[in-house]
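Every number here is computed from the coordinates shown, using simple stated rules; none is lab data. Not measured: the values here are computed from a predicted model. Note that we place each Cβ from the backbone using ideal geometry, even for glycine, and neighbour counts take in every protein chain shown.
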Amino acid sequence: MANKTVLEGVRDALHNEMARDSRVFIMGEDVGPRGNVFLITKGFLEEFGRDRVVDTPLAEASIVGIAVGAAMVGMRPVAEIQFADFIYPAYNQIVGEAAKIRYRSAGGNSCPLVIRTPYGGGVRGALSHSVSVEALFYHVPGLKVCVPSTPADAQGMLTSAIRDDDPVLFLEHKRTYRLIKGEVPDGDFTVPIGKADVARPGKDLSVITYGLMRHFAVEAAETLAKEGVEAEVIDLRSIRPMDRSAILESVRKTRRALIVHEDQKFGGIGAEVSAIIAEEAFFDLDAPIRRVCGPDVPAMGYAKEYEEAFMPNPDKIAAAMRDLVAI
Amino acid sequence: MSSPRAAREESLASASNDRLMKSEPKVRVSLPEGLSADTLREMYYRMVLTRLCDDRAFALNRQGKIPFAATCQGHEAAQVAAAYALKRGTDWVVPYYRDTALALAYGVTPREQLMCLFARKDDIFSSGRQFPNHYSVPDRKIASISSIIAAHVTHGVGMALAFKMRKEPVVTLITFGEGSTSEGEWHEAMNFAGIHNVPVVFLCENNEFAISVPQKLQMAVPNVADRAAAYGFPGVICDGTDVVATYSVVHEAVERARKGEGPTLVEAKVYRAMSHTSDDNQLTYRTPEDIEALKGRDPIPRFAGWLKDRGLMDDEMIAQMKKKAQAEVDDATDWAEAQPPPTEADLYTHVYASGPLS
């Protein structure tokens, strides 16, 4: 085991897969001599050469579209969108093309592609460097969407994503890059896509979350433990496919469900999780489902006050947990 | 008799001595590089076969047997020429939705074509999922496409990038209409191809209309080929109703790409004989006189005349070819119509390689 940051987990997965498999290459803005704006690919150009570390023009649709084409003829591209906020020009390539290639060719073509992008707030990123985009993509059949939050999950799931035969959108919460450290297994390992993780076991309520909020929810749960309430925190880790059985198993045990995400509330991941619980575990509930989410405004602003008001935090989550167990 | 020119002249002589040839050739010239008399006749046959397939598609639509049809009438010469300029089985084609002749000249069979028109379960392109003419035949190097305009152009560039990385001598031909060149993704694809000098040929089949919008409302320059200058590679214009002229231009572009000399943008000036699709009515934006005038540009009689002038075909052979092609299309129609449709269970296959749907 080694102690790493999330950023180092991402870097090691990329590095190890490029070293292991000559079909893997990376392309994106500033991935070359600059080593990516967060320095994730620092040193890759020297080690793997210009053919496999492709600095692209500033053109997101073609970053994904060109990667799609390479994937269709047997490569394993990892396309980087510098910030999730810049992904919209590539929406058609991800949703209209990559996600449908296997289906539209009845299995004749496939698109084993990874699109990596940093997302999320808490870094004073203002309107265009803070967004959460997962709800815009997890609706899409044919696409997989990963939202890891620990160094081990980031490394193990990115390795799985690169080896996956279908397109994977890999969302890395940028606040976790250097904030979150943890133990990571040595050597070659993978974390499966589609399996949730019990971040903290408990019996009194279930907190279903992902991304940076996993860590805030665990912190809130530790606070509540001092008050005699044991919360179970479920980290979804991937939101398509979504681990229904992990959600239902936890909720049937605790009989109370709180869903926490940073992305806006309306139509967010929490809406789907709520529907799964309501459809399949309604009679197991002792209280209504509750959500702590970002507000339904376009984005978090640059001012500290805007960002703090937008982002859920351990205090807000703890307050919602107290309310839910009081019902 | 060892030089290529001599060999071509010998081939021409043997063709004109063919027992089917009863008239003396009017023109004695060498054949285009890489095209034998047999190949030229085969190209003509593919054009006729395409025309009959396309006619059948519209007829089936009007009979209420298929919901939708789109034809390439007016584009046949450019498409067949492009297909024969490539190395079949090696080079990739990334077509667009109006490329029936390109497909039928690059290995797609009439039965396969009719299966997609009828949206049958065993349609090899998409199992009845996509609109007709959205080919996907990876084993014959034809890429899967959607109907989204210009979205496939970046794919073709990505494929070419992969072949360059792997040092494989493979050329990728990407086709599109002139309307596609207004899309941002088209520009992005061209720009990247120029920067990375990838082995690709861009073939614009300029038929002057994007559904109803004429070229002058699509761009402020007279030629799509003019745009190549902005990407650092050549743009070449050819008469896309002339098989031999188009072949020469595309073949040169293909060989340039294969030698590592980079992309070429070829603009084949063609015309669209029919409405955009069976759901369009071109009389809402073109006059009957305009449409009638297009008939003088039909590439099929033009190529027939070219072949006859050189003693490579005669009227009897032309009639026999049409009869043979009609029989192929009739057989394909009857066969495909009798094949089973997809079932409800087929809706759920090929979403992911494995695992749950959501």
Region B:261-318 and region A:101-131 have their Cα centres apart by a whole-number Å value of 43 Å
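Which percent, nearest 5, of DSSP beta bridges in chain B are antiparallel?
Numbers: 3 of 24 bridges.
Roughly 10 percent of the beta bridges in chain B run antiparallel, per DSSP.
Quick check on the protein assembly as shown: helices-only [θ] at 222 nm, where DSSP H runs of length 4 and up contribute -39,500 (n - 2.57) each and the sum goes over total residues. Nearest 500, please.
Details: 23 runs with 265 residues, N = 685.
My calculation for the protein assembly as shown gives -12000 deg cm²/dmol from helical runs alone.
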In a Debye calculation with equal point scatterers on the alpha-carbon sites of region A:197-326 and no solvent, what is log10 I(q)/I(0) at q = 0.11, 0.13, 0.17 Å⁻¹? -0.34, -0.48, -0.81
Using a 10 angstrom cutoff on alpha carbons, build the Gaussian network for chain B and name the most mobile of B:L49, B:L40, B:L102. B:L40
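In which sequence would B:T154, A:T5 go, from the one with the fewest C-beta neighbours within 10 Å to the one with the most? Provide the component values of the computation, followed by the final result.
Working: B:T154 31, A:T5 18.
Ranked by crowding around the Cβ, least crowded first: A:T5, B:T154.
From the square roots a ≥ b ≥ c of the eigenvalues of the alpha-carbon gyration tensor of region A:80-176, which class results: rounded (a/c under 1.5), prolate (a/b over b/c), or oblate?
Values: a/c = 2.77, a/b = 1.51, b/c = 1.83.
In terms of gyration-tensor shape, oblate.
With respect to the cross-link table entries B:K295/B:K322; A:K42/A:K181; A:K4/A:K174; A:K100/B:K259, which display a Cα-Cα separation exceeding 27 Å? Mind showing how you got there, number by number?
Details: B:K295/B:K322 19 Å; A:K42/A:K181 19 Å; A:K4/A:K174 15 Å; A:K100/B:K259 34 Å.
Beyond 27 Å: A:K100/B:K259.
Loop by DSSP (not H, G, I, E, B), at most 16 other beta-carbon atoms within 10 Å: where is the longest site-free stretch of chain A for GluC sites (Glu not before Pro)?
Values: sites that count: A:E227, A:E230.
In chain A, the maximal stretch lacking such sites is A:1-226.
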Output for region B:26-102: trypsin sites (Lys or Arg not before Pro) sitting in coil per DSSP, at most 10 other Cβ within 10 Å, listed by number, reads B:K26
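In nm, what is the difference between 0.36 nm times the number of residues separating A:L127 and A:A287 and their Cα-Cα distance?
Details: separation 160, 0.36 × 160 = 57.60 nm, distance 3.57 nm.
Additional length available on full extension: 54.0 nm.
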Where both residues lie in region A:159-249, what percent of DSSP beta bridges are antiparallel, nearest 5? 40 percent
Regarding the protein assembly as shown, what are the three Cα extents along the principal axes, ordered largest first, in Å? 104, 56, 45
Only bridges whose two residues both fall in region A:2-184 count here: according to DSSP, what percent of them are antiparallel, nearest 5? 15 percent
Looking at region B:149-218, which trypsin sites (Lys or Arg not before Pro) are DSSP coil and have at most 16 other C-beta atoms within 10 Å of their C-beta? B:R166, B:K167
Candidate lysines - alpha carbon under 22 Å from B:K324, same-chain residues fewer than 8 apart omitted: B:K22, B:K308
For a quick check: sort B:M219, B:M313 by the number of other beta carbons within 10 angstrom, fewest at the front. B:M219, B:M313
For q = 0.10, 0.18 Å⁻¹, Debye-computed log10 I/I(0) when each Cα of region A:2-184 counts as one equal scatterer: -0.34, -1.20
Let me see the pair-distance distribution of region A:257-327: every alpha carbon pair, 5 Å bin width, integer percents in order. 3, 16, 23, 22, 19, 9, 5, 2, 1
Calculate the length of the line joining the C-alpha centroid of region A:52-79 to that of region B:76-124, in whole Å. 26 Å
Cross-link pairs beyond the 29 Å C-alpha cut-off, checked among A:K144/B:K141; B:K167/B:K216; A:K144/A:K265: B:K167/B:K216
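Order by neighbour count: A:L285, B:L86, B:L31, fewest other Cβ atoms within 10 Å first, most last.
Values: A:L285 16, B:L86 24, B:L31 20.
Ascending Cβ contact count within 10 Å gives the list A:L285, B:L31, B:L86.
How would you classify chain A from its alpha-carbon gyration tensor, with a ≥ b ≥ c the square roots of the eigenvalues: rounded for a/c under 1.5, else prolate if a/b is greater than b/c, otherwise oblate?
It is prolate, given that a/c is not under 1.5 and a/b is the larger ratio.
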Coarse-grained scattering of region B:33-336 at q = 0.07, 0.11, 0.13 Å⁻¹, given as base-10 log I(q)/I(0) from a Debye sum over alpha-carbon atoms: -0.24, -0.62, -0.89
Within region A:1-79, report the trypsin sites (Lys or Arg not before Pro) that DSSP leaves as loop and that have at most 11 other Cβ atoms within 10 Å. A:R50
Any idea what % of Cα-Cα pairs in region B:208-358 are farther than 27 Å? 55 percent
Could you tell me how far the Cα centroid of region B:191-216 sits from the Cα centroid of region A:271-327, in Å? 49 Å
Karplus couplings for region A:28-45 from phi (6.51 cos²θ - 1.76 cosθ + 1.60, θ = phi - 60°), rounded to Hz, Gly and Pro as x? x, 7, 6, 7, x, x, 5, x, 6, 5, 9, 6, 5, 9, 4, x, 5, 4
If you average the sequence gap of Cα pairs under 8 Å that are 6 or more apart and divide by the length of chain A, what percent do you get for the contact order? 17 percent
